[in-house]
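**Q** Shown below is the structure under consideration.
The values are calculated or read from the model by the stated rules, or taken from the named source; none is laboratory data. Computed from a prediction, not measured in an experiment: that's the story for all the values here. Please note: Cβ atoms are built from the backbone with ideal geometry, for glycine as well, and neighbour counts cover all protein chains shown. These accessible areas exclude ligands, DNA and RNA; they are computed on the full protein's heavy atoms, side chains included. Shrake-Rupley method; radii C 1.70, N 1.55, O 1.52, S 1.80 Å.
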Amino acid sequence: MIVILKPNTPTDQIEEVVQEVAKLGYRPHPIYGELQTVIAAIGDERTHHTLESLSVFPQVERVLPVQKRYKLVSRESKSEETVVDVDGVKIGGENFVVMAGPCSVESEEQLMSTAKAVKALGAKILRGGAYKPRTSPYEFQGLGREGLRILATAKQETGLKIITEVLSERDVEHVSESSDVLQVGARNAQNFQLLIECAKSRKPILLKRGMSERIEEWLLAAEYILANGNPSVLLCERGIRTFETYTRNTLDLAAVAIAKMETHLPVIVDPSQGCGRADLVPVLSRGAVAVGVDGLLIEVHPFPAEALSDGQQQVDFNVFSRLMSELQPFLNATNRKLV
Ligand code: PEP
Ligand code: MN
C-alpha cells in the first residue's frame, strides 16, 4: 500500500502515520519529498489489515493499494492454463466445449429430444434448469427434483454430461448427485455462503458474472471457491445490465478478454442471457470464440415459441446446427479444438 500525505504535513504528524502503519503489521518506508511525503507500506495486502482506514487521519490525502485483491485465481499464482475436467470432458487450454440445452427442463420429451439433437451437433454437456430463479413468483419455477431426475435420465441415455443451476445452499447436496457441473447464476453471483457450499461439493462450478458485478468482484467470487479448496471453476460472462433496450443485457466481451488476461481459469460465454435475442445468438457466439473463450453455454429448445422460460432467446435445432458449423473457422483462428 502507498499512503500519500497532504502537502506540508509536519514531522510529528508524519511520524503518527508511520507508527500506525507499523502497528497494522506493515514495514513503513517513508519517502520525504520537497512538499509531500509518501509512505510505502511493505507487506502482503491480501492477508494484512487494509490500510484504507488510514484516510481518516486528516493529514492523509490518499491510500493506494498496490496488489490485486485476488491471489489463487490470478495468473501470477499459476502460469499454466487451468483445464477443468468435467467427468472426462476437458475444458480449457486448447479444449473448447459447447454446453447446450433448454433454459428450463420442462418435460422428459422436451429434454430428451434436445439432448439427442445437441449431441449430434457436437455439444458435450447438456444444460437445463431444474430450479429456476424467476423474477416473478408467478412464473414457472422449474420442475425441481423431477427436473433433476429427467436430467439424470438424459445423461444415462446420451452420455452427455449435465450442468444445472443450484439456487440455494439447501440444494447443493442433491443437485450434485445428478449434475456434473454446478451452475451458480447471476442472481447468486456474490452469495458467498452458497459459493463455499458449492466449493465443498468438489464438483466443477460454472460461476456466472452478476448483472452489475465488476470484473474484480467476479474474480473475487471465484477466489472464494478456490480458497475453499476447489480449483475447478469456469468463469461465465452472461451480459451485464446497462441502459440499452435493444438487448436484454449487454454482453461484455471486453470482460472476457480481461478475465483471460488476469486469470488462468477457463472462460465461458452465455450469449443467450447475454443478449436475450435468438437472432443474435449465432453472431455473438462467433464473436466470443474470436475473443478467446473456452466454451459456450447456449439455450436450445425444440419449439422456442412454446418455452416456459426465456423463449425469446432460445434457438431451435436448425439455428443451432448452423451456429455450430459457422464456429469452425473461428475455432481454427484461436487454436481451439471442439472436444
Ligand atoms: C440461465 O442460464 O437460464 C440463467 C438463469 O442464467 P443467469 O443466471 O445468467 O441469468
Ligand atoms: Mn435462461
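**Q** If I go through the range 1-15 residue by residue, how many of them are farther than 24 Å from Q67 by Cα, in contact (Cβ under 8 Å) with a residue 40 or more places away in the chain and assigned to a helix (DSSP H, G or I)?
**A** Residues in the range 1-15 being farther than 24 Å from Q67 by Cα, in contact (Cβ under 8 Å) with a residue 40 or more places away in the chain and assigned to a helix (DSSP H, G or I): 1 in total.
**Q** Do you know which residues across the range 280-336 are part of a loop (DSSP other than H, G, I, E, B), more than 18 Å from V97 (Cβ to Cβ) and either hydrophobic (A, V, I, L, M, F, W, C) or within 15 Å of ligand 2 (Cβ to nearest atom) (or both)?
**A** Within the range 280-336, H301, F303, A307, L308, S309, D310, Q314 meet the criteria.
**Q** For the structure I just gave you, tell me whether M99 is outside any strand (DSSP E or B) and either open to solvent by less than 70 Å² (accessible area, probe 1.4 Å) or out of contact with any helix residue (DSSP H, G or I) (no Cβ under 7 Å at 6 or more places or on another chain) (or both).
**A** no
**Q** Could I ask something else about it? Which residues, counting only those in the range 179-212, are surrounded by 19 or more Cβ atoms within 10 Å (Cβ to Cβ), away from ligand 1 (no atom under 13 Å from the Cβ) and in a helix (DSSP H, G or I)?
**A** Matches in the range 179-212: L195, E197, C198, A199.
Residue-wise test of (1) closer than 24 Å to L72 by Cα; (2) hydroxyl-bearing (S, T, Y).
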{"site": "E262", "(1), (2)": "yes, no"}
{"site": "P266", "(1), (2)": "yes, no"}
{"site": "S272", "(1), (2)": "no, yes"}
{"site": "A278", "(1), (2)": "no, no"}
{"site": "L284", "(1), (2)": "no, no"}
{"site": "V293", "(1), (2)": "yes, no"}
{"site": "I298", "(1), (2)": "no, no"}
{"site": "G311", "(1), (2)": "no, no"}
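**Q** Could you say which residue among T47, T82 is assigned to a loop (DSSP other than H, G, I, E, B), under 32 Å from the mean Cα position of the chain (by Cα) and surrounded by fewer than 17 Cβ atoms within 10 Å (Cβ to Cβ)?
**A** Sole residue among the options that is assigned to a loop (DSSP other than H, G, I, E, B), under 32 Å from the mean Cα position of the chain (by Cα) and surrounded by fewer than 17 Cβ atoms within 10 Å (Cβ to Cβ): T47.
**Q** Sticking with this structure for a sec: Residue check: is Y224 over 11 Å from the mean Cα position of the chain (by Cα), away from ligand 2 (no atom under 16 Å from the Cβ) and not in a helix (DSSP H, G or I)?
**A** So Y224 fails the test.
**Q** Does the range 293-304 include one or more residues that are surrounded by fewer than 23 Cβ atoms within 10 Å (Cβ to Cβ) and in contact with a Lys or Arg (Cβ under 8 Å, 6 or more places away or on another chain)?
**A** No: zero hits.
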